[in-house]
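One structure below.
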Amino acid sequence: MGRVAAVDWRQAAASLDERGYATTAALLATEQCRALVALYDEDEAFRRRVVMQHHGFGRGEYKYLRYPLPAVVEALRQAIYLHLAAIANRWRERLREVEPGDYNCLHQDLYGPLVFPLQLTVLLSAPGEDFSGGEFLLVEQRPRAQSRGEVVPLKQGEAVIFPVHHRPVDGTRGAYRVTMRHGVSRLHCGHRFTLGIIFHDAA
């Protein structure tokens, strides 16, 4: 995909190392965003629905797309994976993690040793037009230090890349793991839709 190729992936990698996340320019056109939003009402396109209130996750819901994925989603996933795999392997080396095969292919193993460490969220709705509030939030938890939170502003079609669970940070004795958590602030009005892309399967 041309939009993925246009991303400065060296800068994205540096941002992930420094801040724990990276943002991109729009990866999807407005028409593609609207088409994916419309897909949300088609139950046959999804294999699972999660209502967050039932699990104490907050308010709202999300769904897991059924395979095969929509063509635009699969193309985006494949194109981005090629760039994120190099970052994932470098993080693995910094944390001295031994995993057979590195991250050389997409895999479906959430609970085993090959959970891919990076994911991304694409904002499908237009802030200020479709909704207000609902900012993407990241919180970094370092050992023996106060948690650090950050609001990540996005426009329609733009993406944020961030860790699934933790990232490496350099310390006096080498790299150590820092836990990253993400969420969304309270939605004031309207409807907010996003596309989440992971590189392993959730249950």
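The values are calculated or read from the model by the stated rules, or taken from the named source; none is laboratory data. Note that the coordinates shown come from a computational prediction; the quantities given were computed from them, not determined experimentally. Methodologically, a virtual Cβ is constructed for each residue, glycine included, from the backbone with ideal geometry; neighbour enumeration extends over all protein chains shown. Note: areas computed on protein heavy atoms with side chains; ligands, DNA, RNA excluded. Shrake-Rupley method; radii C 1.70, N 1.55, O 1.52, S 1.80 Å.
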key: Val4, Val72, ranked by accessible area, largest first (probe 1.4 Å)   = Val72, Val4
query = Label points 7 Å out from Cα along the Cβ direction at Arg59 and Arg90: separation in nm?
reply = 4.1
ask   = Which residues in the stretch 141-172 place their backbone N less than 12 Å from a point set 7 Å from the Cα of Glu97 along the Cα-to-Cβ direction?
value = 163-169
task = Anything in the chain that counts as a DSSP H helix reaching 30 Å or more along its axis (C-alpha) with Kyte-Doolittle mean of at least -1.0? List them, would you?
result = 71-94
note = A chain fully extended from Ala45 to His191 at 0.36 nm per residue, minus the present Cα-Cα distance, gains in nm 50.6 nm
inquiry  = Suppose only helical runs count, i.e. DSSP H with n ≥ 4. What mean residue ellipticity at 222 nm does that imply for the chain under -39500 (n - 2.57) per run, divided by all residues and rounded to the nearest 500 deg cm²/dmol?
reply    = -7500 deg cm²/dmol
request  = Could you work out the local net charge near Arg186, counting Lys and Arg as +1, Asp and Glu as -1, over the other residues with Cβ closer than 13 Å to its Cβ?
outcome  = +1
ask   = Can you give the accessible area per residue of the chain, in Å², using a 1.4 Å probe?
value = 56
key: Cα-based equivalent ellipsoid of the chain: semi-axis lengths in Å, sorted from largest, via gyration tensor   = 27, 20, 18
remark   = For the Ala38, Arg173 Cβ pair and Förster radius 35 Å, calculated FRET efficiency rounded to 0.05 is 0.10
query = Contour minus end-to-end for Arg19 and Ser132, with contour as 0.36 nm per residue of separation and end-to-end as the Cα-Cα distance?
reply = 38.1 nm
ask   = Summing +1 for each Lys or Arg and -1 for each Asp or Glu, what net charge is found among the other residues whose Cβ lies under 14 Å from the Cβ of Arg148?
value = +2
message = Can you order the peptides 51-60, 154-163, 76-85, 9-18 by their average number of other Cβ atoms within 10 Å per residue, highest first?
response = 154-163, 76-85, 9-18, 51-60
inquiry  = Rounded to two decimals, what is the ratio between the C-alpha radius of gyration of the stretch 3-56 and 2.2 N^0.38 Å?
reply    = 1.64
